[in-house]
Amino acid sequence: MKQYRWLAYPYAVWMMIFIVVPLLLVLFFSVTAKTPDGSMVLTLENFKKFWEPMYISVLIRSVLLAVYSTVICLVLGYPLALILAGKDFKRKNVLVMLAVIPMWMNFLLRTYSWMTLLEKNGTINAFFGTLERLAATYLNMELTLPRVNILYTESAVILGMVYNFLPFMILPIYSVVSKLDRSLIEAAQDLGGNNLVVFKRVIFPLSLPGVLSGITMVFMPAVTTFVISRLLGGAQFMLIGNLIERQFLFSGDWGFGSALSIILLLLILLSMGFMSRYEQENGGGGLW
Amino acid sequence: MRFLRKSYVFLIFLFLYAPIIILIIYSFNASKSRGHWTGFTLQWYRELFKDSQIMTSLYYTVTIALLASLIATIVGTAASIGIFNMKKIKREIMLNINYIPVLNPDIVTGISLMLLFSSIKIPLGFTSLLLAHITFNIPYVVLSVMPKLKQMNKHLYEAALDLGATPFYAFKKVILPEIMPGVITGFLLALTLSFDDFVISFFTTGNGVSNLSITVESMARRGISPKLNALSTIMFVSVLLLLIIVNIRTSKDDTERRPKNEKTYQGNVFVSPTSHDI
Amino acid sequence: MKKLIKVMFLLVLLAMTFSLASCGGSGKPTLKVFNWADYIDESVYKAFEKEYGIRVIYDTFTTNEDMYAKVVSGNADYDVLFPSDYMIKRLINEDRLAKLDFSNIPNYKYIDEKFKDLDFDPNNEYSVPYMWGTLGILYNKEMVDEPVTSWDILWDAKYSKNIFMYASQRDAIGVALKRLGYSLNSRNEAELEQAKQSLIEQKPLVLAYVGDDVKDKMVAEEAALAVVYSGDAIYSMWENENLAYVVPEEGTNLWFDSMVVPKNSKHKKEAELFINWLCDPENALKNTLYIGYSTPNSAAYDMLPDEVKNDKSAYPDDDILEKCEVFDDVSDVLDIYNRIWDEIMTAN
C-alpha cells in the first residue's frame, strides 16, 4: 500500500498554509511591535504587559471557573454515565441520543434561554410565584419559596459552562463504561466484593480513561469561552477569552492579543501534556 | 434504588432540556417580550420565513457546512490513507500537526486564520469562511478514519492484488468498504461542527456573509426576538427527525447485513459536536 | 448505507449549484452597506434594490470600534458606512473617507440646518446625518420614587444591584467624567484617573454591563435604572409605560450617526444614490418610526405623528442640548482609555 503515500501530500500542503503559517503569524505578532516610523522590531513588550496583577487575575479567574465547572460536570455526569451504561434501562440508546441532541442546537440560543429562566422576573421565579398563589388559594397555605437570584454572578457563569459542556463529560465516560467487560464485574462480585468494593476496585479504575478525556473536553472550552461570561456574567467577570476578543475587535492591539493567545495555547498544551502522561500511565483510551 | 436512579436521570435531563423547552414555548407566545404569556400565535413562524437576514444566513450555513464537510471528507480520507502508509517519523509529525486545530482554543484558531487572510489579502467572506471551515473539519475526519485503517487487515489488500485486481479496483473494493464507517462518522462530525460553529466563523467572515450563529449573536444583542425562538424550534424538530431517521436506517442496515450478535458500529448516534464551538 | 451516501452527495451537489447560482448570477451592480445592527427598516433598502436594480449586500456591526477594525483590516470593501461622530473624525483624520458629490444627493436639502457644519465634518464634505440622539438614564417609575436629575443616582447604594451600565468604554467613562463635571472628551490623565476610580467604586452596585439588549431587560423590569441611548429608551417606553427617560442636568453625550463612503469604494455613484434614497422624507420617516431614534431630516420630522414630535426624550429642548457635548476623536490617548476600561472590568 506504500504507493498511496502521495495521498497525504495535498493535506500536508494545506496544513502548512492553514495551520502552521497562521500559528507562526500569531507568534510573529506577539513578539513584534510597530515603531512610530512603521518598521517592525522584536520585543517582549506584549508578554511583559501581561505580567501585571490585573491580567494575571484574569487568567487565574478563567482557570478557577473552568476547574469548578469541570468538577461539577464530573460529579453530575459520572453517575449518569454509569446509570446509562447499566443494564437497567431498556431504551438506553434513546437516552444517550437525548443527551446528545441539545448539543446540536445553537449554543447561543440555549444560553440566552438560560437568561430567560434565571432573570428576576424570569420563568423560574414566575413559576415559584404561581405555586405560592395556588397554595394560597386552594390549600389556604402561606407558602414562601425562595427566589433564584444568580443571574450576572459567577455562579451563573459556572452554570452556563456546566450546562453547555456536561454532555462532553457524560459521553466519553459512558462509552468507556459501556464497553467494560461484564465478566470482570461478575467475577469481582463472585469473589465476594460488595457493590462499593466492586465500584472502587474495578469499575472506577477502568473508567478512568473516559474520565480523563471528559475532563479535557470540558476544561478546554471552559477556560477559553468568552460568550458565556459575557451573557450570563453580565460582562463583569472578564475571562481570558474576553480579553483576547477585546484586543482584536476593540482595541486593535494585535500584538497583545497574539501574546495572550500564545499564553492560552501554552496553558492548554501544558494541561493536555499533563493529562496524556497520566493517561498513558493508566492505559490510554478515550476521545475516539 | 431504581427510583432514585430514575429521578436522577430525570433531573439531569430536565436540566439539559429546560432551556430548549422554554425556547419552544416562547416561540408560540403572542407577546414580543419574554416572561409574559399573552396567547398562542404562529406569527413568529411566518415572520421568520420573511426575514431575509435569517434566511440568507441559513442558506450560507447550509452551503458552507455541506461544501466544507464534503471537501474535508475527501481530503481527510485521502490524507489518512497516505499518512497511514508513511514512515513512522513523518506519520508522527503529520498526526501531531493534525491535532493542533483540535487542541487549539477556537478563539486562537479563528484569530490565526484571520491574521493569515489579512496578510495574504483574501477578503473576508464566503471563500475565507469556507477555507476556515475546511481547515477545522479535516482533523476530525482524519481522527475518525485512522482507527478504521488500523483495524483493517493489511493482507486483504495484498491478497486482492495477488488475485489480479488493479490497485484502483482493490482500493475501491477492499479498502474503501473497510473504512467507510469512519468516513461517514467523519463527514457527520464535520457537518455538525461546521453547522454550529460560532467563534471561528466570527473572526473569519465579513462583507455581508454570515452564518446562523453570527446572525443569532448580532440579533440577540438587540434583545432576543421570538423569531429566533421559532427558528430554534424548527431546528430542534429537524434534528430530532434526522436522528430518528438515521437511527432507524442504521439499525435496519445492520440487521440486514450483519449477524445478530456482532457488535454494530457505533457511528451515527454518538456523533456529537465536540466542545469546540463555544 | 449506500442510500445514505447517495442522499448526502445529492445534498452537497445541491449546495454547490446553489452557491454557483448565487455567485455567478446576474451582472447587477452591488452595493455593500455596513450599518449598525437593527438600524434600518428592511423594506426601505428592498425598495431601493427594486427601484434601481442594484443588489444591496447588507452587513451589520455593534460598535464603532468593531466597524473600524473590520474596515481598516483591509479585508472588507464596503461602500456605505454608518459610523458615529468621533469615529467619522478619526476616519477623516486617517484619510479613509471619500468626499461626497452632493449634486448626486439632492435630498440633502431636507437635512435640518442644525445638523450641518458639525465639528467632526465642519465643511459638510464627507458625511450626511442619518440619526441622532442623546445618552441618558432610563428608569422605572415604580422602582425609583425620587426625581431623577443627576448621574449621581447611578452611584446611590439604595439601588445596589439594580443598575444596568452600558458596556461601552467611551460611554461609561463619559458618564463618569460628566458626573465629575469634566468634559466627555477629557485628555487629562488626572481627570481620567478620577473617572476610573469612580467607576470602580460603582462596580459593586452594578447588576450587569449590558449592550443593546438593555431595552428588553428594562421592559421586563429587571432593574430600576439603566444608561441608554435615547432611541432605545423611546422603544422601551413604547413597550412598558412605567419607564421614563431623562437627560441628567450635568449634561451628556449628543451623538450623530452619519452616512459616509470609504475612499476605496468602487461604487461611489451607487453609494451616493443610496444615501440620497435614505434622505428621501418618506424613507427617513419609515426608518425613524421603525427604530425609534430621532431623525435629522426636517421634512420627515414634519410628517411625524404629534406624540412623537412632542416627545422630549426624542427631540429635547434646546436648553438641554446646550448642555450636551459631542464625542471628539481621542485616538491619541486611546491607550489610556483602553487601560482604564481594562482596570475597571478586571476590578473585583
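With only Lys, Arg, Asp and Glu charged, each at its Cβ (+1 for the first two, -1 for the last two), find how big the charge dipole of segment A:31-281 is about the Cα centre; round to the nearest 20 debye.
Charge dipole of segment A:31-281: 400 debye, to the nearest 20.
Taking the Cα atoms of the protein assembly as shown, report the difference between the largest and smallest coordinate on each principal axis, in whole Å and largest first.
Per principal axis, max minus min of the Cα coordinates gives 91, 74, 55 Å.
Local charge sum around B:N211 (other residues, Cβ-Cβ under 11 Å, Lys/Arg +1, Asp/Glu -1)?
Within the 11 Å Cβ shell, the charges total -3.
Kindly state, to the nearest 0.05, the FRET efficiency for C:D302 paired with B:Y59, given R0 = 45 Å and r defined as their beta-carbon distance.
Result of the calculation: an efficiency of 0.65.
Per-residue counts of other Cβ atoms within 10 Å, averaged by peptide: what ranking do you get for C:234-244, C:49-59, A:159-169, highest first?
A:159-169, C:234-244, C:49-59
Give me the inter-chain shielding for B:74-80: mean count of other chain Cβ atoms within 10 Å, whole number please.
Averaged over the peptide's residues, the number is 4.
May I ask which residue of B:S52, B:P139, B:I97 lies farthest towards the positive end of the charge dipole of segment B:40-144, with charges of +1 (Lys, Arg) and -1 (Asp, Glu) on Cβ and the Cα centre as origin?
B:I97
Under 18 Å Cα to Cα from C:K114, which lysines show up? Leave out anything in the same chain fewer than 8 places away.
Here the lysines satisfying the reach criterion relative to C:K114 are C:K309, C:K312, C:K323.
When only C-alpha pairs under 8 Å and at least 6 residues apart count, what is the relative contact order of chain A, in percent?
Result for chain A is 26 percent.
Report, ordered by chain and residue number, the aspartates and glutamates lying within cross-link reach of B:K154, taken as a straight Cα distance under 16 Å and ignoring same-chain residues fewer than 8 apart.
B:D162, B:E178
Mind putting together the pair-distance distribution for segment A:31-281? All Cα pairs, 10 Å bins, whole percent per bin, short to long.
For segment A:31-281, the binned pair fractions read 7, 22, 25, 22, 15, 7, 2, 1, 0 percent.
If you count, for every residue in C:219-226, the Cβ atoms of partner chains within 10 Å of its Cβ, what is the mean?
So the per-residue partner count for this stretch is 4.
Amide H of B:G206 versus every other amide H placed in the peptide plane: which residues, excluding those fewer than 5 positions away on the same chain, fall under 5 Å?
Result for B:G206 returns B:G125.
How many percent of all Cα-Cα pairs in segment B:9-74 sit more than 21 Å apart?
For segment B:9-74, the fraction of Cα-Cα distances above 21 Å is 53 percent.
At 7 Å along the Cα-to-beta-carbon direction for both A:T43 and A:T137, put a label point, then send me their distance in nm to one decimal.
Using points 7 Å along Cα→Cβ, the separation is 6.9 nm.
I'd like the distance separating the alpha-carbon centroids of segment A:168-223 and segment A:255-279, in whole Å.
27 Å
Taking Cα pairs under 8 Å and at least six residues apart, what relative contact order does chain B come out at, in percent?
28 percent
Which parts of segment B:3-17 would a label at A:I124 reach, counting a residue when its backbone N lies under 16 Å from a point 7 Å out along Cα-to-Cβ?
It comes to B:11-17, nothing else.
Could you tell me the center-to-center distance, by alpha carbons, between segment C:55-121 and segment C:200-259 in angstrom?
Between the Cα centre of segment C:55-121 and that of segment C:200-259, the gap is 25 Å.
Checking the table C:K116/C:K269; C:K217/C:K268; C:K217/C:K286; B:K121/C:K99; C:K109/C:K263; C:K158/C:K215 against a 32 Å threshold on Cα-Cα, which pairs fail?
Pairs exceeding 32 Å: C:K217/C:K268.
What are the semi-axes of the equivalent ellipsoid for segment B:26-142, taken as the square roots of 5 times the Cα gyration tensor eigenvalues, largest first, in whole Å?
Ellipsoid half-lengths, sorted descending, are 41, 17, 15 Å.
Amide H neighbours of C:F61 under 5 Å, counting only residues 5+ apart in sequence or on other chains, H built in-plane at 1.01 Å?
C:N35, C:W36, C:A37
Taking only Cα atoms, what is the 0 to 90° angle, nearest 10, from helix C:268-279's long axis to the longest principal axis of chain C?
50 degrees
Evaluate 2.2 N^0.38 Å with N set to the residue count of chain C, then give the Cα radius of gyration divided by it.
1.09
At 18 Å minimum axial length over the Cα atoms and a Kyte-Doolittle cut of 1.0, report the qualifying DSSP H helices in chain A, or say none.
A:53-85, A:92-104, A:154-178, A:204-224, A:254-281
Can you put C:D117, C:D213 in order of Cβ neighbours within 10 angstrom, beginning with the fewest?
C:D117, C:D213
Filter the trypsin sites (Lys or Arg not before Pro) in segment A:1-105 down to the DSSP loop ones having no more than 12 other Cβ atoms within 10 Å, then list what survives.
Taking segment A:1-105 and a limit of 12 other Cβ atoms within 10 Å, the loop trypsin sites (Lys or Arg not before Pro) found are A:K87, A:K90, A:R91.
At what distance in angstrom do the alpha carbon centres of segment A:109-158 and segment B:44-81 lie from each other?
Going from one Cα centre to the other spans 38 Å.
To the nearest 0.05, how large is the calculated FRET efficiency for B:R91 and C:D119 if R₀ is 41 Å and r is the Cβ-Cβ distance?
Step by step, r from the Cβ atoms, then E = 0.05.
Return the inverse of the average 1/r over all pairs of distinct C-alpha atoms in segment C:205-348, which is the Kirkwood hydrodynamic radius, in Å to one decimal.
For segment C:205-348, the Kirkwood estimate is 18.1 Å.
Report, ordered by chain and residue number, the lysines lying within cross-link reach of A:K179, taken as a straight Cα distance under 24 Å and ignoring same-chain residues fewer than 8 apart.
A:K87, A:K90, A:K92, A:K200, B:K6, B:K148, B:K150, B:K252, B:K260, B:K263
Let me have the relative contact order for chain C, percent, based on Cα pairs under 8 Å that are six or more residues apart.
26 percent
What is the mean number of Cβ atoms from other protein chains located within 10 Å of the Cβ atom of each residue in peptide A:242-249, rounded to a whole number?
Partner-chain Cβ atoms within 10 Å, mean over residues of A:242-249: 6.
Would you mind ranking C:D216, B:D197, C:D317, C:D156 by Cβ crowding within 10 Å, fewest neighbours first?
Ranking C:D216, B:D197, C:D317, C:D156 by Cβ neighbours within 10 Å, fewest first, gives C:D317, C:D156, C:D216, B:D197.
Among A:100-107, C:168-175, how do they line up from the highest to the lowest mean number of other beta-carbon atoms within 10 Å?
C:168-175, A:100-107
Can you compute the modelled spin-label distance between C:K269 and B:M1, with each label point 7 Å from Cα toward Cβ, in nm?
For C:K269 paired with B:M1, the spin-label model returns 8.4 nm.
By how many degrees, between 0 and 90 and to the nearest 10, does the Cα long axis of helix C:281-291 differ from the longest principal axis of chain C?
It works out to around 60 degrees.
What net charge do the residues around C:D119 carry, taking every other residue with its C-beta under 14 Å from that of C:D119, with Lys and Arg at +1 and Asp and Glu at -1?
-3
Going by C-beta contacts inside 10 Å, put A:W6, C:W155 in order with the fewest on the left.
If I rank by nearby Cβ atoms, fewest first, I get A:W6, C:W155.
Work out, step by step, the length gained on full extension between C:V333 and C:K158: first 0.36 nm times the residue separation, then minus their alpha carbon distance; give nm to one decimal.
Full extension of this stretch gives 59.5 nm more.
Rg and Dmax in Å for segment A:54-195, alpha carbons only: what are they?
Calculated on Cα positions, Rg and Dmax stand at 20.6, 59 Å.
Tell me, what ³J(HN,Hα) does each residue in segment C:78-85 have, in order and in whole Hz, if you take phi through Karplus 6.51 cos²θ - 1.76 cosθ + 1.60 with θ = phi - 60° and put x for Gly and Pro?
7, 9, 10, 10, 10, x, 8, 2
Taken together, the values in this text are just the output of simple stated rules run on the coordinates, not laboratory data. From a predicted model like this one, the values you see are computed outputs, not experimental measurements. For neighbour counting, all protein chains shown are included, and Cβ atoms are generated from backbone atoms with ideal geometry for every residue, glycine included.
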